[in-house]
Amino acid sequence: MVGIIAFSIFAVYNFHNCMRKIKSIAFTSLLFGMLSTTVNAQKNVDTQHLIWTRYYLKLKLNDKYQIRQEIEERAYWFPWRQHQFVSRTYAERKLGNGWNTGLGFTYFLQSLPHDPEISDYANQLELRPQLEMAFKQSISRKLILHHRYWSEFRFFEQPNGSYEFGNNRTRYRLEIRYTPIPKVTLKAFDEIHMNIGGKIVLNVFDQNRYGASVQYMPIENFGFELGYFNWYQQRKSGVDFYNRHIIRFTLHHTIDFKISKNQ
């Protein structure tokens, strides 16, 4: 209200100068509007639909150490074609107070180009040593916040069979886990990916993933998870994006060697 009164007094006091400024502001706003429209017109979004199937194994060695193994097949849904194959191995150590750390390695095979309409494609292998820090924050007996920090070093296969370092990618995921009844857990997450490296120019903030799932464990060490998430990724051009809708099915399996030894 004070701003409106001040502006009115100023307009009465110096009407002509005010009009010149308004015209200038209007012209500038119109110019930025035109530029914004042009930029938005240059933004190309490629929408894709995929289905991921994953086997997630945990080998609990003792109270502090465990090995995690993930094997995942990722395929386009319309039309059906392989997109990626991922094998990820992690050695994890609990640090106490909800914290744990891990060292891992990922074998990552992707089919190029990223276009399900093209049947004549080639596979490119990528190797990723990874570091992990995670924190489990208990809000209540049924509600948990899980923070995960990943740093992965990406080595891409070259035509001559060698591997060349591409860039580092750092990821942060916040996940909410709610267990309304025993054996059932509801999850929702949001994860950002940031590229770091001299070759990265326009796609520093690489991608964002968010989604939700339901996990059902009929027995303590075996169960299923079904979810949906959106994967929105900026490509190297800066104006081209992928908007991927993904259905993910996971088979969870835990083997506790500590229990086996006690038995």
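Figures for the structure shown
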item	result
Members of region 215-232 that are assigned to a strand (DSSP E or B) and either of a type in the set (D, E, K, R) or over 24 Å from Asp256 (Cβ atoms) (or both)	Glu225, Leu226, Gly227, Tyr228, Phe229, Asn230, Trp231, Tyr232
Residue that is nearest to Thr47 (Cα to Cα) [pool: residues in region 67-96 that are loosely packed, with under 15 Cβ neighbours inside 10 Å and at pLDDT 95 or above]	Glu73
Only one of Ile192, Ile219, Ile176 that is assigned by TED's automatic domain parsing to the domain that holds Tyr65 and within 24 Å of Glu126 (Cα to Cα)	Ile192
Selection status of Pro129, at pLDDT 95 or above, loosely packed, with under 14 Cβ neighbours inside 10 Å, touching a strand residue (DSSP E or B) at 6+ places or on another chain (Cβ under 9 Å) and under 18 Å from Tyr90 (Cβ atoms)	yes
Some residue of region 247-257 being under 24 Å from Pro79 (Cα atoms), within 13 Å of the chain's Cα centre (by Cα) and aromatic (Phe, Trp, Tyr)	no
Any chance Asn160 is surrounded by 15 or more Cβ atoms within 10 Å (Cβ to Cβ), assigned by TED's automatic domain parsing to the domain that holds Glu132 and not acidic (Asp, Glu)	no
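The values are calculated or read from the model by the stated rules, or taken from the named source; none is laboratory data. As the structure is a prediction and not an experimental result, all values here were calculated from the model. Cβ: placed from backbone, ideal geometry, glycine included. Neighbour counts: every protein chain shown.
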